[in-house]
Every structure is written in C-alpha cells, then in structure tokens.
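Below is one structure, written out as structure tokens, with a few remarks after it.
We did not get these values from a lab; they are worked out from the coordinates using the rules stated. Quick caveat, the model's predicted, so the values are computed rather than measured. Methodologically, a virtual Cβ is constructed for each residue, glycine included, from the backbone with ideal geometry; neighbour enumeration extends over all protein chains shown.
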Amino acid sequence: MTTVLTVLERLRHKGLVDRVRQGKSYLYTAVADRESLVVEAMTAALADSSDRTLALSRFVDAMTPQEQATLRAALGGQP
C-alpha cells in the first residue's frame, strides 16, 4: 500500500472520507466540508479550556472588526 492510500484508509476509519468502488480502484471523497471540520476543531478546543468565557473573549479579541461584525450578525445583533 502506498503512503497516500495508507493516509486515505486512516482517514476513512476516522470517518473523514468515504470510498466508492470504481472498476478496480476506489474513489475517495471528503465526508464533510472544511468549514464543518473547523467547527469541530473549535468546539473541541473550547471544550478543553478550563475557562470557556476567557477563551471565547480572547478569540473574539483576536478577530478583525469585520469578523466581529459578522459574528454579531450571526448572533442576531446581540451585544
């Protein structure tokens, strides 16, 4: 098995890619889009924090004003 196939099989066992038989080969496709994976990573990082409020506050402080405005809009304009 090649290195690429090894990595793809590991990703498949983790549920990150799916495979479909095409002739004698397999076609591998991502199960989720990049944004969904980012959400999972952010959620896991927040869960690891001992102070979620502080972690969120620092995350927002690291955002650009435009990103903060986008977040406010996503939250329905809440302060």
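Report D for the range 34-74 in µm² per second (integer): Stokes-Einstein, Kirkwood Rh on Cα pairs, 25 °C, 0.890 mPa s.
Numbers: Rh = 11.1 Å.
Using the Kirkwood radius from Cα pairs, D works out to 221 µm²/s.
With a Förster radius of 30 Å applied to the C-beta separation of LEU5 and THR53, the computed FRET efficiency comes to 0.10.
List the trypsin sites (Lys or Arg not before Pro) within the range 24-79 that DSSP assigns to loop and that have no more than 15 neighbouring Cβ atoms inside 10 Å. In loop regions of the range 24-79 (DSSP not H, G, I, E or B), the sparsely surrounded trypsin sites (Lys or Arg not before Pro) are LYS24.
Just how large is the dipole of the chain about the Cα centre, in debye to the nearest 20, putting +1 at every Lys and Arg Cβ and -1 at every Asp and Glu Cβ?
Around 460 debye, computed over the chain.
For Cα Rg over 2.2 N^0.38 Å, the value calculated from this model appears in [x] 2.06; [y] 1.62; [z] 0.99 under label [y].
Return the calculated 222 nm mean residue ellipticity for the chain, to the nearest 500 deg cm²/dmol, obtained by summing -39500 (n - 2.57) across DSSP H runs with n ≥ 4 and dividing by the residue count. Kindly include the intermediate steps, with their values, before the conclusion.
Values: 4 runs with 46 residues, N = 79.
One gets -18000 deg cm²/dmol as the mean residue ellipticity at 222 nm.
Of interest is the spacing of the C-alpha centroids, which for the range 28-79 and the range 1-23 amounts to 29 Å.
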